[in-house]
Structure formats: C-alpha cells, structure tokens
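Coordinate-derived values only; no laboratory data. These numbers come from a predicted model, not from an experiment. Cβ coordinates were reconstructed from backbone atoms using ideal geometry, including for glycine residues, and neighbour counts include every protein chain displayed.
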Amino acid sequence: MGIKIMAVFGTRPEAIKMAPLIKALEKEKEFDTQVAVTAQHREMLDQVLRLFNIVPQYDLNIMRERQTLSDITTAAIDGLDRVFLKEKPNLVLVHGDTTTTFAAALVAFYHKIKVGHVEAGLRSFNKWFPYPEEINRKLTGVLADLHFAPTKRAKLNLLNEGVEEESIFVTGNTVIDAMSYTVKKDYTFREERLNRIDYKNKKVIVVTAHRRENWGAPLENICNAIKDIAKSYKEEVYFIYPVHMNPVVKNTAHKILGGFDNVLLLDPLETDEMHNLLARCYMVMTDSGGLQEEVPSLGKPVLVLRDVTERPEAKEAGTVKLVGTDYERIFKEAKLLIEDENEYKKMANAVNPYGDGKASVRIVGAIKYFFGLSKEKPEEYEGGG
Ligand code: UD1
Ligand code: UDP
C-alpha cells in the first residue's frame, strides 16, 4: 500500500480548487488518494464533483437548510472522526478557510494525522471580515504541518506568525490550474440564455454575493445599487447574477432584483459555464474570494463588495478595486467604469499574481519531498509579490 492521502472538503470553492490537485495526486502510483466530502454544500458541491468527475469515497451529507456555524462544525467533526478512525490516512489535505476546512484539520490533529493546508497564509488581519473565514484560515494554519501558500505574500504572513520556513511551499493558486480545464476559446453555453446575449454591444456585468458579513443591510445596499444602475443604463448594461442557494441571499436578491429586463437572475452556474461567462463579460461585481483570483487573470475589472480583502495582490496590480457595501459608493464606482473608457482601460489588464497553472504539480512535489519520496524541494512559484 502507498501513502494514504485523504482530501477533505465541503463547499463549492474548495471543490473547484481541490479538483486539479486530486487529479494530479491520482497520477502518482506511490499515493493512495481518497476523497471525503462533508457536503457542507449539497447541490453546489455536486455540480463541481460532476464536472471534474470526482467520486468521493466518503460523503457525510451534513448540509441543512439555514445551518449555523456550530451545526457545520459539530456535524463535520462527528463524521470525520469516524472516517479518520477507519482509514487512518497518512496525510489529510484541506483547502482554504471554510468551517469544513477548520473542522477537518482539528479532527486530523486529534488523530495525530499530518495536515496539509492548501491556499495557506492569506490574511485580512481583521477578525470579522471575512467572517468566519479569517479565523478559520488562521486556526487551520496553527494545526497544519505543510503550508501550501499560493503567493510569496501569503508565505510572508505565515513566517511573521512564526511558522517554520521549511514547512511552507509557495505554489501558486490551484484555481488557475482549474481554469485551464474550464476556459475554452469557442465555448458554447449549455444555458441557452447565455448564448443569446450580445457580449459585443452590451456591457455585461456579472454579479455574485453571498458573504455572511454582508447578510442584511449590506446585501440590500448591493442589490439596490445594482437595481438603480440597471434602471439608469437600460440599453447599455446587462446584469447576470447567478444567485447563491443560501435562502438568506436568494430571498433578498429575488425580492429587489426580480422582474427587470436587463437583470438575469440565475441558479448557480456550473463552473465551466461560470468561468467562460467571466471570460466574456465586461466586468464583475462580487464579494466572493475566488472571483478576485480568477477574474484578474481574464483581464476584466472587478469591483469588490467588501471593505477589506485577504487577497491584496490584484488590488495592487490595479485590476481590482475595493468598493465596500455602501449604496452611493457602489453606484459611483460602477458608473465610472460604465461611462469612462479610460478608467475602464486602466483596470482591464490581464494580470496573474495568483498562479501559473502549475500549483497542483508543485503541491504534489512538496508532498513527495515531505514523505522522502524525492530529494528535491519543488521550485517556488515566483509571482504574487
Ligand atoms: C460557505 C463558506 C464560505 C464560502 C462559501 C462558498 C463557511 C462558514 N462558509 O458559505 O466560506 O465562501 O461557502 O460558497 O464555511 N445551500 C443550499 N445548497 C447548496 C449550498 C448551500 O441550499 O448547495 C444553502 C443551505 O440552506 C445552507 C446555506 O445555503 O444552510 C448556507 O451554506 P453554508 O455552507 O453554511 O454557508 P455559505 O454562505 O454557503
Ligand atoms: N462559481 C460557480 N458558479 C456560480 C458562481 C460561482 O462555479 O454560479 C465559482 C466561481 O467561478 C469561483 C467559485 O465558484 O470559482 C467561488 O465560489 P464562492 O463565491 O461560492 O466562494 P468564495 O470563493 O467566496 O469562497
């Protein structure tokens, strides 16, 4: 038997970013690679598993409607405890900053199993933004034995917290690897309505929003600003908003934005559909973490509907602007990019501070090095400032 590696995840973004790594691990004959999902998300996770053809060995199916953070934590701990007891993996791989991520790292620690943290070291330095992700990521970092930092900046954050340099590998972000599977030049959408849009003559703006700290008034501000932009630019602008399945988000989005000719509210898109839509649109307005990494590589401006970010690299490169959740500010910044070609051009530059598509290969190399299967430490990803 080889070295048993178990990838554990639960939500859509974790699945997207773990998928290329799982594919890369499965190619290695020294590794026995398994997948356990908590299914903190259900439909949105299954979309990604289907797309990448991943069939988990374990599926804890924990999602409940309107689940609390404690619901997720306790159900994930309970389920993973049994999985780890039975399988005794040599290494558990977790991704990012969700509650599944933290719970899996904690249970692995209880079982004295080594933990590899993919997308380690991002920090906003604000406990409440993003909530609870900043703390989930920090807690996971405390428990991890191997830290796969996507950028040099992320490595520096870890070093500043006293993490041993030998355990940190700068790899790039696996989301850029995932995009090389999904983004195609002459892509045809399965969602017919997306094929009918005039991407040349309309300014197509893609919107997503779901963050817990934006529930309530901030999300209402975001939706009201979008509604008024849609009304002000009836002919020029077309909004596409694939709405997150969380009922808190869904109810607000449909209540404020339903029924406008130039606002298309959709169910969550499969990730290849989403990535190709991002590649074709005019710009993006989002509070998502992942979109802040993907969209800059496609050369489209991003207005980030948050006050702070744990991903400062694209902001510094100029393709991402933090605009917060204030109605006036969102309206003003969107108006600027719709009306002022120079301002638009300043932001519409393809930059790739987050990866070069080889993150998964570097992570596999680092794991081999860790287990003494190779003498060479993989070369670090050089981008990401
Ligand atoms: C979770 C993560 C967040 C990540 C986001 C990605 C935590 C605490 N939050 O937030 O870090 O950015 O996923 O999308 O880990 N739901 C469905 N079907 C689905 C998915 C969700 O119906 O496929 C509904 C359920 O009612 C569920 C609710 O959405 O209770 C919230 O899901 P949850 O995972 O708790 O929070 P997210 O906001 O999705
Ligand atoms: N995404 C998707 N379908 C959608 C909306 C988003 O596949 O309808 C993808 C998006 O391209 C990115 C990831 O989901 O890869 C981001 O997930 P999300 O915004 O849910 O979480 P975050 O990144 O904020 O943690």
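May I ask you to sort 167, 232, 70 by Cβ crowding, counting other Cβ atoms within 10 Å and putting the fewest first?
70, 232, 167
By per-residue mean of other Cβ atoms within 10 Å, what is the highest-first order of 151-162, 277-288, 168-179?
Packing proxy ranking, top to bottom: 168-179, 277-288, 151-162.
Under the definition of Cα pairs under 8 Å and six or more residues apart, what whole-number percent is the relative contact order of segment 1-128?
Relative contact order for segment 1-128 comes out at 27 percent.
Debye sum, Cα scatterers, the chain, no solvent: what log₁₀ I/I(0) at q = 0.10, 0.12, 0.13 1/Å?
-0.62, -0.89, -1.05
What number, in percent, do you get for the relative contact order of segment 120-253 if the mean sequence gap of Cα pairs under 8 Å and at least 6 apart is divided by its residue count? Let's see the in-between values first.
Working: 124 pairs, mean separation 28.3, N = 134.
So the answer I get is 21 percent.
What shape does segment 224-292 have by the C-alpha gyration tensor, where a ≥ b ≥ c are the square roots of the eigenvalues, rounded means a/c under 1.5, and otherwise prolate means a/b greater than b/c and oblate the rest?
oblate
Mind checking the full-extension length gain between residue 351 and residue 215? Use 0.36 nm per residue of separation minus the Cα-Cα distance, one decimal, nm.
My answer for the length gained is 45.9 nm.
Want the number for residue 125 to residue 26: 0.36 nm per residue separation, take away the alpha-carbon distance, what's left?
That works out to 32.1 nm of additional length.
Write down Rg/Rh for segment 70-221, rounded to two decimals, with Rg from the C-alpha atoms and Rh from the Kirkwood relation over Cα pairs. It would help to have the intermediate numbers written out before the result.
Details: Rg = 19.2 Å, Rh = 18.0 Å.
With Rh from the inverse mean 1/r over Cα pairs, Rg/Rh is 1.07.
Return the distance in nm (one decimal) between the two label points of a simple spin-label model at residue 228 and residue 69, each offset 7 Å from Cα along Cα→Cβ.
3.2
Compute the FRET efficiency between residue 55 and residue 86 as 1/(1 + (r/R0)^6), taking r as their Cβ-Cβ distance and R0 = 22 Å, and round to the nearest 0.05.
Once the sixth-power term is evaluated, E becomes 0.75.
Averaging over all projection directions, find the projected area of the Cα convex hull of segment 287-362 and quote it in nm² with one decimal place. Write out the running numbers ahead of the final one.
Numbers: hull surface 20.2 nm².
Over all viewing directions, segment 287-362 projects a mean Cα-hull area of 5.1 nm².
Using alpha-carbon positions, what is the distance between the centroids of segment 165-201 and segment 353-385, in Å?
If you average the Cα positions of each part, the centres end up 22 Å apart.
How many angstrom lie between the Cα centre of segment 276-342 and the Cα centre of segment 30-61?
Going from one Cα centre to the other spans 30 Å.
Could I have the simple spin-label model distance between residue 251 and residue 195, label points 7 Å from Cα toward Cβ, reported in nm to one decimal?
Going by the 7 Å Cα→Cβ label model, 3.7 nm.
For residue 255, list the lysines whose Cα falls under 20 Å from its own Cα; do not include residues on the same chain fewer than 8 positions away.
Leaving aside lysines fewer than 8 places away in the same chain, those within reach of residue 255 are 227, 231, 234.
Taking 0.36 nm per residue of sequence separation and subtracting the Cα-Cα distance, how much length would be gained by fully extending the chain between residue 377 and residue 236, in nm to one decimal?
Between residue 377 and residue 236, full extension yields an extra 45.6 nm.
Taking 7 Å along the Cα-to-C-beta vector as the label spot, tell me the residue 321-residue 111 distance in nanometres, rounded to one decimal.
4.9
What FRET efficiency comes out for residue 339 versus residue 46 if R0 is 25 angstrom and r is the Cβ-Cβ distance? Round to the nearest 0.05.
On the way: r = 41 Å, r/R0 = 1.64.
Rounded to the nearest 0.05, the efficiency is 0.05.
Sort 190-203, 211-224, 368-381 by the packing proxy (mean of other Cβ within 10 Å over each peptide's residues), most packed first.
On the way: 190-203: 12.4, 211-224: 18.4, 368-381: 14.7.
For the peptides 190-203, 211-224, 368-381, the packing ranking is 211-224, 368-381, 190-203.
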